[in-house]
Each structure stands twice: as structure tokens, then as C-alpha cells.
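The values are calculated or read from the model by the stated rules, or taken from the named source; none is laboratory data. In this text the structure is predicted, and so the values were computed from the model without any measurement. Ideal geometry is used to build each Cβ from the backbone, glycine not excepted, and the neighbour counts take in all protein chains shown. For the accessible areas, the whole protein counts, side chains as well, though only heavy atoms, and no ligand, DNA or RNA atoms are used. Shrake-Rupley method; radii C 1.70, N 1.55, O 1.52, S 1.80 Å.
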Amino acid sequence: MRAEFLLDYDVLTVERAQKLYLMARFVGGDAPADHRRRPLNLSLVIDRSGSMAGEKMDYTRQAAQFLVQHLSSQDRFSLVLYNDKVETLVAAELVTNKDRIAQQIQQIRVGGTTNLSGGWLQGCQHVASYASAESLNRVIVMTDGLANRGVTDTNQLVTLARQKYEEGVPTTTMGLGSDFNEDLLVAMANAGGGAFYFIESPEVAPAIFEEELSGLLALVGQNLTITLTPTHLVTSVKQLNAYPMQNDGRRVSFRLGDVFAQDVKQLLLELDIPSLAELGEQQVAVLRFEYDAIEGDTTEHHSHEMPVMVKVAPLGELPVPPDAAVAQSVLLLKAAQARQEAVHAADRGDYDGASRLLRTVAMDIEASPVRTDQLNEERDALLAQAELLAHGAQAYDQYSRKTMYTQSYYTMTSRHTDTMQLRGRERERQSQKMHTQELSPTPNQPPQPQASENENVPYQPNVTPNQVLWRGRAYALVGDIVRIGRSRHNELVIDEKGVSRFHAQIRREPDGWYIEDLGSTNGTTVGGAKLKAPYRVSVGDVVYVCDEKLTFALKA
């Protein structure tokens, strides 16, 4: 492992106040051999509320099974499911029977609301029961919705996450889709000493699980902390990243957390230097790296301290251009900060201001003497997002907010590669969507409404319908699942008061179509009775989604 730092300028001028950018960098060592790595003590906590129905849960099962298959018999694993209730599906055990665990995962079913705190805390209990200095402890929480049962207050959940981390139980959070609270999950991950992931589309879930597991299996260091003690020549210190920090008035410390094999952790600090009268070499600060190196079953604490020296020269001797690596990091982090500020501005309805923030940094990148492929890609991404924000509320939705917020978070926590991958997946998804539309305009689209003259359909028991009627429109039953609710991610969107985001679904089975409630607030009724189990629909059946009438029919 290697600790070092770089300055954008190591020569300062006299008689002029200036900003100095210091990039502290820590590079992880080689990955441990499999027989030497630290055993995992892992609890996977999965949201199985109604909104997880369909491909969300399909890919989540696949991702969980992938994770289990890549654990070894020295690793301990538990699996907790939660909706309005909490269930331990797999109690904490050594992974000696992967097929049995995979079969249990395959049986996961959805329904109900979201008691995130209850599921997470039960996962923490499983990990705490077997936590030790010889194991790598971690709780991974995945959700696609808002915490609406149990503890729901953000401050309380973040305080609990910090408390669990201090007790030796770190938390990683994963948000799936566009309906979860990213502010909460990021804050919990930061306080809990883990990472946050945005799973923007269900099919990405296995890759995200693989990324987290790969890191855990290649852990080489923990508790990395970088501390700066400035001299009297520095009037203020500001970080451009988003690491948890502590300032005791004399020194400022930043917690960067776990270090994985060949991982590069970077902390970029902006130092304000007043005008200096004396020429020659001067010390502006002391930089200290502290971490616990992991080697097999042993942990060894290391610390490295190094002075930060600059040369003070006469006016006109400042080197041009600045150090390229530091300058690039400054621009990328300023872009990340601008995204964060743009999100807050757009949340207030100031879309023009949000767009200007992004365009300003894009112009700074364009004007920079440092030109790289990463900076060019960043400039183009900023301009595209600025254009989106310029269209106001019609373009700025929960998905675009999460995309920008996550890109900001990734870059500000030494994960700019993840930012670029997120954008790359989105470009690929858009390209595939356009290609699919060109070749086949209709097969993968949700049911398209057509006019319906009559919703009074004679009842025909055991006759399978092929369309559902709602408010004078007919929707063809296509595919294997037709989800119903307020969210735009449903195939049949009913954006009416009393209807839940993911209220119900119509599912194809070999013997016909079945409708089932997904744990909605106001229920789904057939014949005046609330559905408690899937119900096979026939032609003429009338189903109420809250107060919205659906009639099943057969179009010749």
C-alpha cells in the first residue's frame, strides 16, 4: 500500500493570497489469496414489499443467488426479508449448502409495505451475534421504496447506522428504481461506514451485487483516515469530496473507510494561503495517513506522516499549467458539487438556476488547459443534464434526480469510474430502446388503450379474458405481468387518489390470468371482498382497485 500527495502548484508567489489544491492519495495493495482472505460475516436484507413485484424481484433473486454462489464455507451468511413484517429466511450460518439457500431465495414472494428499519436492524443482530476482529462484518440493505413502517425518521435512522458502525457492524445500502429515498440511503451508508449503490434498472442488480462482493473479498485495509494539521500559513481548509470529517480546531480528519485491492482513494483539499512575504521553502501543513492493514487473520495498524512543503517565489515564477492529475480531479469534483447544488435548486423549482450551475462548470472544463477523455466526457454529460433541467418539471423527475445525485456521490467518494459506468449504461439503454422501437414498435410496450363502448360485460365463468376495461378504455393483456398503480413504472397507470404506487398486478399463469393485491393501502376487492390471495379472473369479472372499477373482457 502506498500513501502520497500532490499539489496543483508546488511554487507559490509572494504578496498575493491564493488557493492551493492538495490531493492526498492512498493506493491499496494486492488482493489476498483466497485462503488468506478475511472470512465474511454478511447479512443480506431485502425489501419484498408489493412494489418489488415482477422483474425487480426476479433480478433480485438472481443477484442474491449469485452472491451466495461466490461465498465459501468459511463465510457466514444470513438473509432477512421485510415488508410490513420482518422474516429471517436464512439464519446466520456458515455457507456449506449453497443449493438449499438458493432454493430458499427462489421462493421469495412479494406484498405489503416497507418496514426498512425492522429488516435492517434484524440483519444487524445477525451480524453482531458473530462479529469478531477476525471476520469482515457487513449488512447490505436493498430497497425500492420509502421507509413507511417502523422507524421512518431520517435523523434517527442515520444515528442508528452510526451507532451500529461504532459497534463493529457497518451498513451498505442499495436503492432500486426511482421511488426510494436516496438522501436517506446515502446518509445511512456514510454514517454506517459502507457504500451506497443506485440500481437504476432491475437487470443491473446482479452486477451491483457482484461489485460489492468483489470489493469485500479483496479487502486489504480498513479504517483509513487522513488528517491534515495546517500551519499558521493556512487560513482555511475545505474538502471537495464528501467524506465524514471531524475538526477539533487544530486539525481536520477525514474518514475514507475500507480499502480494496488496487483501490485508489483520493481526498482533495482546498487550502487558502494568505500573501506570503518570505521567499524560499516553507511548510504549510502536515499530512497523516492512518489505516489497519489486513493480512490473513492479523490486523496491523500503520501510520504515515509527511510534511507539505511549498516554494515561495517572486511574482511571475508560478509554473503553468498546474499539475494535470490534480487539475483534473478539481474539475471533476467541482462538477460533482455543481450537480449536488443543481439537484437542490431543482427541488426548489429553480430549474434555470440549476441549469446554469452545470453549464458554468462545463465552460470551466472547456477553458481548462488540461484536456483528457474523462474531462471531455464530463463536459458533455454536464451539458446534457443542463439541457434536461432547462425543460423544467416535465423533464426533472425522480429518476433524473437520482441519476444526478448518485453521480455526484460516486465522484465525491473516489468512485468516478462508477459515475461513468452509470452514464454508459444509460446511453446503452437509450440506444437499445431506439433500436427496438425502429425494428418492433409495439411488442415490449405496455398495454395500449383503445376505445371501449361498453363496460357491462356478461359474466362467463372460466373463460379467460384478453383485455381489461377502465374508464371507457380497453387495455390488452400482453406479456406475463400487467402491474397497476400510480407509479409511471406500471403497465397500467392509474394516477388517482387512494391508489398505491404499485397497487396490484395481473399475472399470467398456465390456466389463465390472476389478479393479486401488492400490499396496497386501500386494498383490491372482488365481489365486495378484499383480495387476500391471487384470484383467477374470468370474462365479466369486476375488480375494484381502491375505488377504480376494472372490468375483464374478451375481444374477438
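Here are a few things to note about the model shown:
- Region 127-144 and region 511-556: distance between their alpha carbon centers, rounded to Å: 41
- Projecting the alpha carbon convex hull of the chain along each direction and taking the average yields 28.7 nm².
- To the nearest ten degrees, helix 154-166 and the longest principal axis of the Cα atoms of the chain are 60 degrees apart.
- Of all DSSP beta bridges confined to the chain, the antiparallel ones make up roughly 75%.
- Surface accessible to a 1.4 Å probe, residue 72 within the full protein complex, Å²: 30
- Coupling constants for region 488-499 follow from the phi torsions by the Karplus curve (6.51 cos²θ - 1.76 cosθ + 1.60, θ = phi - 60°), and in residue order they are 5, 7, 7, 6, 10, 8, 10, 8, 10, 4, x, 8 Hz; glycine and proline get x.
- Kirkwood's formula applied to the C-alpha pairs of region 20-148 gives a hydrodynamic radius of 15.8 angstrom.
- Computed FRET value (nearest 0.05) for residue 554 with residue 509, which takes r as the C-beta separation and R₀ as 22 Å: 0.80
- 222 nm mean residue ellipticity, helices alone, for the chain (DSSP H n ≥ 4; -39,500 (n - 2.57); rounded to 500): -10500 deg cm²/dmol
- Hydrodynamic estimate: the Kirkwood radius of region 276-407 over Cα pairs, inserted into Stokes-Einstein at 10 °C and 1.306 mPa s, corresponds to D of 87 µm²/s.
- Whole-Hz ³J(HN,Hα) from phi, Karplus 6.51 cos²θ - 1.76 cosθ + 1.60, for region 239-246, glycine and proline x: 8, 8, 8, 9, 7, x, 9, 9
- Residue-normalised accessible area of the chain, given per residue in Å² at a 1.4 Å probe: 44
- Proximal lysines to residue 265, defined as alpha-carbon separation beneath 19 angstrom and excluding residues fewer than eight positions away on the same chain: 238, 334
- Label point distance in nm, residue 69-residue 529, each placed 7 Å from Cα along Cα→Cβ: 4.2
- For residue 55, solvent-accessible area (1.4 Å; no DNA, RNA or ligand), Å²: 90
- For region 1-142, carbon and sulfur atoms together expose 45% of the accessible surface, with a 1.4 angstrom probe and every protein chain in place.
- Candidates 246, 147, 73 compared by Cα position along the dipole of the chain: farthest toward the positive end lies 147, with charges placed on Cβ.
- Accessible area of residue 38 (1.4 Å probe, protein heavy atoms only, ligands and nucleic acids ignored): about 20 Å².
- Distance histogram for region 1-93 (every C-alpha pair counted, 5 angstrom bins, percent rounded to whole numbers): 3, 9, 13, 12, 10, 8, 7, 8, 8, 7, 6, 5, 3, 1
- Alpha-carbon centroids, region 155-229 and region 241-283: separation in whole Å: 23
- Computed Kirkwood radius, in angstrom, where 1/r is averaged over Cα pairs of region 83-175: 14.5
- Straight-distance crosslink candidates among lysines, where the alpha carbon sits under 23 Å from residue 497 and sequence neighbours closer than 8 are dropped: 530, 532, 549
- Computed over region 141-209, the P(r) curve from all C-alpha pair distances, binned at 10 Å from the origin, holds 23, 52, 24, 2 percent per bin.
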